[in-house]
Amino acid sequence: MRRIVEAAGGILYRIVPDAEQAVEHRDHRTDGDINDVTAPDAAELALTGRGTRNDRNGDHDPADAAAEAASVAEDIVDRVEVCIVHRPKYDDWSWPKGKLELNESHRHAAVREIGEETGISVSLGPYLGEIEYPLAEEGSKTRHSKDRTVDMKHIEYWMATPIAATDAEQLIDALGPIHRADIGEIDDIVWVSVTEARKILTHSTDKDVLALFVDRLQEGAADAQNVIIVRHAKAESRKTWDGTDENRPITPRGAAAAYALNRELACYNPTRLSTSPWMRCQETLHVFSWQTDRPMTHLDALTEDAFAENPNRAWDCFRGEIDHALRHRETVAVCMHRPVIGGIFDHLRELCAAKSLTKRLIAKTPYMPTGTAVALFVVSSPEGPRIIDIQKVSPLVY
């Protein structure tokens, strides 16, 4: 029987502010010891990357962001540097990636593998795509075999940016430990321009992923901010619950899903946690809030009763969370109820940059399963916020 090995990785990138700094950053090699360079690089990248904690102290107006995004999109590819790793076993240059561990999602594996192979803590951005090739071609330069009857390797890729050291420390309990790769697995890393990457990358499939990355950059993904919608975990039945609806808690099975969801949310580094003040929403985010020492902000307009009374107020409240994410350049997670999500989705479909994205915002109840999330990557435009990527986020409960 044919075997498929699942793996995940990403393109870790940074924005170089100007040509002079590009020369300074051009070549970060380790000459055999990756531990000599990656620690200072992590601090440096946290300053030059997008959406770090240092950016959140300012007040970045969405209108200004739209004008900035329009101009940045024109030359962003020339100002980006990507991280490529060297594998001595195959003597090749490739993207940081690796196999999924037992009971691990592709998303989490991407964050873990990038951290292990580069020494840099990251958060995921827009999704890039997937590739597949025969395992026998692991070290080959050309991986375009059409034979799908043999054992295959399937890899999913994301864009990834570095996060500040303080954020990485806060995420440890939710994300889990990340251990550095052995020198026999990765013995060198290098930061290069997109043009140089095309020349250095060993494998044709890696160049295919680079092309997807460039496409994302040109649609403004380097300036995208993440707004995550979380549907609260499974709650006690209304029929059997004797208390008020607002105090109806999640079930033990719902608590397990909420706990497992933390591991997936941590991959995006949400630093603002907003929620309906009703019990089941608070409980869904409570452990993540406790693990990361990040407080929860209560949004009264997002309760079921408030939405039934004034749906437009609920949308205005959620739109405010989008504006907050764009203004402060931070990832926001918002926990809500099923009917509220349905109303919010109606508005969000109008913000999608492509019709294919609208289909990911389900129009039929229950909209989302309990204890799951969707990550919306939003950019500013002259017409207002535009959604360029939507990712479904489901916990692995085992």
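The values are calculated or read from the model by the stated rules, or taken from the named source; none is laboratory data. Treat the numbers as computed from the prediction; the structure is a model and nothing was measured. Note that we place each Cβ from the backbone using ideal geometry, even for glycine, and neighbour counts take in every protein chain shown. Heavy atoms of the whole protein, side chains included, go into the accessibility calculation; ligands, DNA and RNA do not. Shrake-Rupley method; radii C 1.70, N 1.55, O 1.52, S 1.80 Å.
Scoring A325 on the criteria (1) open to solvent by 20 Å² or more (accessible area, probe 1.4 Å); (2) in contact (Cβ under 8 Å) with a residue 24 or more places away in the chain; (3) within 18 Å of G220 (Cβ to Cβ) leaves a single failure, condition (1). Look at E44 and say whether it is open to solvent by 10 Å² or more (accessible area, probe 1.4 Å), within 30 Å of G184 (Cα to Cα) and either modelled with pLDDT under 90 or not in a helix (DSSP H, G or I) (or both). The answer is yes for E44.
Of everything in segment 76-130 that is open to solvent by 20 Å² or more (accessible area, probe 1.4 Å) and in contact with a His (Cβ under 8 Å, 6 or more places away or on another chain), the residue that is nearest to I390 (Cα to Cα) is E130. For beta carbons closer than 6 Å, sequence separation of 6+ or different chains, a first residue in segment 248-262 that is within 12 Å of A235 (Cα to Cα) and at pLDDT 95 or above and a second that is among the hydroxyl-bearing types (S, T, Y) and in a helix (DSSP H, G or I), the qualifying pairs are A258/T284.
Is segment 333-350 home to any residue that is part of a helix (DSSP H, G or I), over 21 Å from R280 (Cβ atoms) and in contact with a strand residue (DSSP E or B) (Cβ under 8 Å, 6 or more places away or on another chain)? Within segment 333-350, one or more residues are part of a helix (DSSP H, G or I), over 21 Å from R280 (Cβ atoms) and in contact with a strand residue (DSSP E or B) (Cβ under 8 Å, 6 or more places away or on another chain).
Among the residues of segment 266-275, none qualifies, meaning not one is open to solvent by 10 Å² or more (accessible area, probe 1.4 Å), in contact with a Gly (Cβ under 7 Å, 6 or more places away or on another chain) and either farther than 25 Å from T166 by Cβ or at pLDDT 95 or above (or both). Residues of segment 328-342 that are without any contact (Cβ under 8 Å) to a residue 60 or more places away in the chain and either touching a His at 6+ places or on another chain (Cβ under 9 Å) or buried (at least 20 other Cβ atoms within 10 Å of the Cβ) (or both): G342 alone. Contact map, segment 283-303: residues that are over 21 Å from T251 (Cβ atoms) paired with residues that are open to solvent by 10 Å² or more (accessible area, probe 1.4 Å) and part of a loop (DSSP other than H, G, I, E, B), Cβ distance under 6 Å, separation 6+ or inter-chain. Pairs shown: H298/P277. Among the residues of segment 258-282, those that are basic (K, R) and touching a strand residue (DSSP E or B) at 6+ places or on another chain (Cβ under 7 Å) comprise R272, R280.
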